[in-house]
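The values are calculated or read from the model by the stated rules, or taken from the named source; none is laboratory data. Here the structure is a predicted model, which means the values were calculated and not measured. All Cβ positions, glycine included, derive from the backbone under ideal geometry; neighbour counts span all protein chains shown. Surface areas here come from the heavy atoms of the whole protein model, side chains and all, with no ligands, DNA or RNA. Shrake-Rupley method; radii C 1.70, N 1.55, O 1.52, S 1.80 Å.
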Amino acid sequence: ILYNRILLTGAAGNLGKELRPFLRERCNKLRLSSRRPIDLEGDNEELAVLDLADFEKVLEATKDVDAIVHMGGTSKEDTWNNVLQGNIVGMYNLFEASRQNKVKRVIWGSSVHAIGYHKRTDVLEPDCVTKPDSLYGVSKVFGEGLAQYYFDKFKVESVSIRIGSSFPKVADWRMLSTWLSFDDLRHLVERSLIVPKVDHTIIFGCSNNDQSFWDNSKVGYMGYKPRDNAEDQRPYLEENVKKPPHDDTAITYQGGSFVVAGHFEDK
Ligand code: 15L
């Protein structure tokens, strides 16, 4: 047991679902937040149905919480209003509520899209210059800034995991560099919960990929030792997925297709 009560946001999302059973075993109470009601599974689960943009609800859901694993919000490029409500207002609400309720630590899913306009030939460290590739990426840069601010001023600790591509399998050629297996994701979240002092740490969320764009050696104190390697799935790509042309914008940059996606107008 790592903490008495953990709040998992985005509990019904792709990564929330992968983390839920694992977190359930590491706390006395796992509070799940989701925009829509979901069925409870373990007998130590409880539910908070809420929209992250609603501060009062977020304040209530963070009461008596020791740590937050925040996987909620918008997970792709979207209209400005959806990005604003889900990832900017939502992120502010979560940190402000954490300060008021004295939550010790927030671990959350930042993204490769915070640095997506770096070329794939660059090797990045966690303290590199940010280069968002979308409004979604801008919202992740905001989140990282907010996390740093709440640590510096209020000592709310946090880990911003810049998640690459966390999917069951390596599905395209870019993922040879960006893939994060679910096992490695769980290991990284566990390290983020366990390490005694994280201040505000930014760490790249990727497996031990031969073709990685990222170097986590400056945050070695996190003890993150990914075991999977996207390279093992190259045969699947060779057989099933067409190689993109070398001058494709979407493969020039680390953010892949997000550099060409959008810009969506609000309806
Ligand atoms: C992300 O940030 C998305 O949430 C995810 O669905 C993938 O698109 C990933 O980035 C990626 O770039 O592979």
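Can you pull out every residue in segment 213-267 that is farther than 24 Å from A114 by Cβ and of a type in the set (A, V, I, L, M, F, W, C)?
Matches in segment 213-267: L237, V241.
Restricting attention to segment 235-267, and to residues there that are outside any loop (DSSP other than H, G, I, E, B) and among the aliphatic types (A, V, I, L, M), which single residue is farthest from the ligand (Cβ to nearest atom)?
Of everything passing the filter in segment 235-267, L237 is farthest from the ligand (Cβ to nearest atom).
Are there any pairs, at least 6 apart or on different chains, whose C-beta atoms fall under 6 Å, with the first in segment 3-31 and farther than 20 Å from A97 by Cα and the second among the β-branched types (V, I, T) and open to solvent by 10 Å² or more (accessible area, probe 1.4 Å), and if so, which?
A12/I38
For a quick check of your reading of the model, give me the residue pairs whose first member lies in segment 158-178 and is open to solvent by 10 Å² or more (accessible area, probe 1.4 Å) and assigned to a helix (DSSP H, G or I), whose second is within 11 Å of the ligand (Cβ to nearest atom) and not basic (K, R), with beta-carbon atoms closer than 8 Å and at least 6 apart or on different chains.
Sorted first by the residue in segment 158-178, then by its partner, the pairs are M175/G164; M175/S165; M175/F167.
Would you say N81 is assigned to a helix (DSSP H, G or I), closer than 26 Å to V260 by Cβ and more than 16 Å from the ligand (Cβ to nearest atom)?
yes
Listed here are the residues, each with its yes/no results for (1) surrounded by fewer than 22 Cβ atoms within 10 Å (Cβ to Cβ); (2) part of a strand (DSSP E or B); (3) away from the ligand (no atom under 16 Å from the Cβ).
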site	(1), (2), (3)
I1	yes, no, yes
V58	no, no, yes
G86	no, no, no
N93	no, no, yes
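Restricting segment 95-119 to residues that are touching a residue at least 60 places away in the same chain (Cβ under 8 Å) and part of a helix (DSSP H, G or I), which is nearest to C206 (Cα to Cα)?
Applying the filter and picking the extreme gives V112.
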